[in-house]
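We did not get these values from a lab; they are worked out from the coordinates using the rules stated. Note that the structure is predicted; figures quoted are calculated from it, not measured. As a convention, Cβ positions derive from the backbone with ideal geometry for all residues, glycine included, and neighbour counts pool all protein chains shown.
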Amino acid sequence: MHPSSIIINIKTFQDNLNYIRQTLSENVKICLPVKANAYGHGIKGISKLAELFVDYFAVACLNEGALLRKTGIEKPILVLGAIDEDQIPGLIENNLDITISSFFKAKLVSDFCKRIGKSCKVHIKVDTGMNRVGIKAKNAASLIDYIHSDHNLELEGIYSHLAESEEIDRTFTTSQIESFRKVCSYAKSKKEDIICHLANSGALCYSPESYLDMVRPGILSYGYFPGKKEPQYPLNQVKPSFMLKTKIAYFKAIEAGESVSYNRKYRTDKLTRIVTLPIGYGDGYRRALSGKGTVLIRGHKYPISGTICMDMTMVDIGSEGTAYVGDEAVLIGSQGKEQITLEEIADICQTNTYEILCSLSERIPRIYA
Ligand SMILES: *Cc1c(COP(=O)(O)O)cnc(C)c1O
């Protein structure tokens, strides 16, 4: 067994999906983003746990979609990213819904489908202000017409993405929602049952008028609020299901005036006890936490001493601290009365919760309990 692990609480995760379900009217679908290893939670495990609670999955790329199919996921899977021509056979072979953002890509997919005599499911991506990928809203109608009339392509859905849905100031978000809703009513006039979808976690929390036919909450499903403001009940009930822990690998006492770790950035001014944890930035435990982060051992919060190494991290438990090799150390999560939140870690690293979650490496086993 690897000494470090990411523990996912199954019930907490599934409860989160239930709170989201309770927020929506009956006909609104849930699409769960499981890109980037399900925000670090483990794409295979999470998809299996979620399959009965959601209607759709979203992934970033072909590899992730193919992995879901290999895992036995049968629900529809939308690939959000812009596709490369080489990937079209793989996308179709795995029965993945393809995102189309231009006439050029529509033609490529259509030609391929014609050649193999199969129709392919596609979603049109509309750009309403993110300026990433997507056909501009003002040109969307002609792409809708084009795809709708091409019998090699099945127009399953149409979607857009919001740039700042978690912000308190909703001016830009509202303009994006309005712009997309106009495109949707055109799309519905062509195909009544087309799935219109827009809401990410921020919009799910703060903009009910964005729910349309399906929502795509990522970070909220994993238990984190996307913005500073707490959403309303029942969404405010979501909780992190995730914990990062390891086991103490080594213990020693060192004298005053010694240094710890690379470049000797940590100096002792008294006799103290140092424990070594078998986890480092090679596992995604970010080096930016060096000298700033804390860990929980035996219910106490202790500072990281010195530079985090690729595979190990040292912690100063003080001259009175007690710890034994094999003791649990919690890096993210709670122990006894203390806790270290993902938000705290993200703040120290000057990034967001998403990036910390995605950087946790495959080396750490994910355990569902
Ligand atoms: C990642 C992603 C989401 C989910 O975003 P959250 O902020 O995690 O809810 C939704 N839609 C698209 C297109 C995405 O790329």
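Pairs to check: 75/114; 105/182; 247/270; 138/228; 118/182. Give those whose C-alpha atoms are more than 29 Å from each other in this structure. If you can, show how the numbers build up before the last one.
On the way: 75/114 24 Å; 105/182 23 Å; 247/270 25 Å; 138/228 33 Å; 118/182 31 Å.
From the list (75/114; 105/182; 247/270; 138/228; 118/182), the Cα-Cα distance tops 29 Å for 138/228; 118/182.
Taking 0.36 nm per residue of separation and subtracting the Cα-Cα distance, what length does fully extending residue 341 through residue 287 add? All intermediate terms of the calculation are to be shown ahead of the outcome.
Working: separation 54, 0.36 × 54 = 19.44 nm, distance 1.71 nm.
Stretched fully, the residue 341-residue 287 segment lengthens by 17.7 nm.
With label points built 7 Å along Cα→Cβ from the Cα atoms of residue 138 and residue 362, find their separation and express it in nm.
About 4.5 nm, to one decimal.
Mind pulling up the Rg/Rh value for segment 1-62? Radius of gyration and Kirkwood radius, both on Cα. Kindly include the intermediate steps, with their values, before the conclusion.
Values: Rg = 12.9 Å, Rh = 12.7 Å.
Taking Rg over the Kirkwood Rh, I get 1.02.
Determine, from the Cβ-Cβ distance of residue 301 and residue 209 and an R0 of 56 Å, the FRET efficiency 1/(1 + (r/R0)^6), rounded to the nearest 0.05.
Calculated transfer efficiency: 0.85.
For segment 203-237 and segment 1-35, write down the distance between their C-alpha centroids in whole Å.
Segment 203-237 and segment 1-35 have Cα centres separated by 13 Å.
Kindly flag which residue pairs out of 70/191; 292/337; 48/245 have an alpha-carbon separation exceeding 28 Å in this structure.
On the way: 70/191 32 Å; 292/337 21 Å; 48/245 23 Å.
70/191, as the Cα separations exceed 28 Å there.
May I ask for the distance between the Cα centers of segment 164-196 and segment 290-328, given as a whole number of Å?
A separation of 49 Å, based on Cα centres.
Return one number: the angle in degrees, 0 to 90 and rounded to the nearest 10, between the long axis of the Cα atoms of helix 171-190 and the longest principal axis of the Cα atoms of the chain.
It is inclined by approximately 40 degrees.
Report the semi-axes of the equivalent ellipsoid for segment 219-369 in whole Å, largest first, where each axis is √(5λ) for an eigenvalue λ of the Cα gyration tensor. Numbers along the way, then the final one.
Details: eigenvalues 173, 49, 42 Å².
Equivalent-ellipsoid dimensions as semi-axes: 29, 16, 14 Å.
Under the Kirkwood approximation for Rh and a Cα-based Rg, what ratio Rg/Rh is obtained for the chain?
On the way: Rg = 23.7 Å, Rh = 22.4 Å.
Here the Rg-to-Rh quotient is 1.06.
Obtain the nm distance between the two label points defined at residue 351 and residue 21 by a simple spin-label model: each point lies 7 Å from its Cα along the Cα-to-C-beta direction.
Taking the simple label geometry, residue 351 and residue 21 are separated by 3.3 nm.
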